Amino acid sequence: MNTEGFQLFLDGFSASHPADFHVMQVDNARFHTTAKLSLPDNVMLLYQPPYSPEVNPIEQVWAWAKGEIAGEIFETVDDLKRRVNAVIESAGEALFKSIVHRQFILDALNIVNI
């Protein structure tokens, strides 16, 4: 990942969901924090504290997903990818909301009146 790739992602994501305002929690990787980024009007970046995997929602998703497939043996990496995708797709929105809900995110949105 680099600045150009992240910019392409942001632009594409923004264009595919133009009617919504999106808050993306990101880490402090250089390509997330560079002044070279041009944020779309409907995207806001929320930076998590450095070295804090406990507040990174994807870390909780991975911990949950690993628990779902623990002990399974896969012939190939592609088999593992398919299984992880199936587990994630079957989970449902409510489960993910319960896993990734973080009060500090809601507090930050409240501060900026979102």
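The values are calculated or read from the model by the stated rules, or taken from the named source; none is laboratory data. Note that the coordinates shown come from a computational prediction; the quantities given were computed from them, not determined experimentally. As a convention, Cβ positions derive from the backbone with ideal geometry for all residues, glycine included, and neighbour counts pool all protein chains shown.
Side notes on the structure shown:
- Qualifying residue in the range 22-43 (condition: surrounded by 10 or more Cβ atoms within 10 Å (Cβ to Cβ), at pLDDT below 80, within 29 Å of residue 2 (Cβ to Cβ) and under 18 Å from the mean Cα position of the chain (by Cα)): no
- Residue 81, sole failed condition from (1) farther than 19 Å from residue 22 by Cα; (2) assigned to a strand (DSSP E or B): (2)
- Check on residue 69, over 25 Å from residue 16 (Cα atoms) and in contact with a Lys or Arg (Cβ under 8 Å, 6 or more places away or on another chain): yes
- Residue check, residue 65 without any contact (Cβ under 8 Å) to a residue 60 or more places away in the chain, out of contact with any Cys (no Cβ under 6 Å at 6 or more places or on another chain), of a type in the set (Gly, Ala, Ser) and surrounded by 13 or more Cβ atoms within 10 Å (Cβ to Cβ): yes
- Count of the range 67-114 residues which are at pLDDT 80 or above and either over 26 Å from residue 47 (Cβ atoms) or aliphatic (A, V, I, L, M) (or both): 28
- Residue match in the range 40-55 (condition: over 24 Å from residue 111 (Cβ atoms), in a helix (DSSP H, G or I) and hydrophobic (A, V, I, L, M, F, W, C)): no
- Every residue from the range 75-84 that is under 19 Å from the mean Cα position of the chain (by Cα) and loosely packed, with under 15 Cβ neighbours inside 10 Å: 81
- Meets criteria (in a helix (DSSP H, G or I) and modelled with pLDDT of 90 or more) for residue 14: yes
- Residue 72 being free of Cβ contacts under 8 Å to residues at least 12 places away in the same chain, more than 30 Å from residue 3 (Cβ to Cβ) and within 16 Å of the chain's Cα centre (by Cα): no
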